[in-house]
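The values are calculated or read from the model by the stated rules, or taken from the named source; none is laboratory data. What you see is a predicted model, and the numbers here were worked out from it, not measured in a lab. Neighbour counts run over all protein chains shown; Cβ positions are idealised from the backbone, glycine included.
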Amino acid sequence: MLRRRPLRVAGVPILALTLFSACYRYVPTTAADLAVGSEYRGHLTDEGSRRVAPVIGENVQQFDGRIVTVLDTAYLVAMSATLKRAEQRRTIWTGEQLMIPRSAVNRFELRQLDRPRTIRAAALYGGGMLAIGVLVFSIKSLSSGSGTVTPPPPPP
């Protein structure tokens, strides 16, 4: 029973790393296919970037966020990040909802879970954590001994 507990306890970080190490990819989509509640990356036109600059900052080339509402003239987006053209620096947002005019957006990409990459990452993380757990448990087992080696009893 005591041997199983360290491995069970080691399973918690492995599970946490697996859940938080998901890999995503962005797949091209059309504005007509946008689904409310889904995560997207929007690419702004040069003119669109200038139009939304007072709201999201100068020289933004793309934004990431969840589509809250699609209107005839704009998208209401819960922002998660923006990327500036010249600096290639990503700014993190905390879900602020902004209206982005339809004419400001050149194209959208849907954020999707990349299952093969996620499975590979989870296997690598899980295997690494398991190996570390076994190594630590083995070292603890060896160090808890008396330090002396007793020879086996003589044969009868």
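Odds and ends about this structure:
- Those residues of the stretch 47-71 which are charged (D, E, K, R) and either modelled with pLDDT under 95 or crowded, with 19+ Cβ neighbours inside 10 Å (or both), in sequence order: Glu58, Asp64
- When residues of the stretch 57-85 are limited to those that are of a type in the set (S, T, N, Q) and at negative phi, the one nearest to the chain's Cα centre (by Cα): Ser80
- Residue within the stretch 116-123 that is under 18 Å from Ala22 (Cα atoms), assigned to a strand (DSSP E or B) and among the hydrophobic types (A, V, I, L, M, F, W, C) present: no
- Those residues of the stretch 20-71 which are under 18 Å from Gly95 (Cβ atoms) and among the basic types (Lys, Arg), in sequence order: Arg41, Arg66
- Qualifying residue in the stretch 109-121 (condition: under 17 Å from Ala35 (Cβ atoms), crowded, with 16+ Cβ neighbours inside 10 Å and among the aliphatic types (A, V, I, L, M)): yes
- Of all residues assigned to the stretch 127-143, none qualifies as being part of a loop (DSSP other than H, G, I, E, B) and either of a type in the set (Ser, Thr, Tyr) or at pLDDT below 75 (or both).
- Hits in the stretch 84-105 - residues which are in contact (Cβ under 8 Å) with a residue 60 or more places away in the chain and touching a Gly at 6+ places or on another chain (Cβ under 7 Å): Ala104, Val105
- Output for the stretch 106-119, where each listed residue is of a type outside the set (Val, Ile, Thr) and in contact (Cβ under 8 Å) with a residue 12 or more places away in the chain: Asn106, Arg107, Phe108, Glu109, Leu110, Arg111, Gln112, Leu113, Asp114, Arg117
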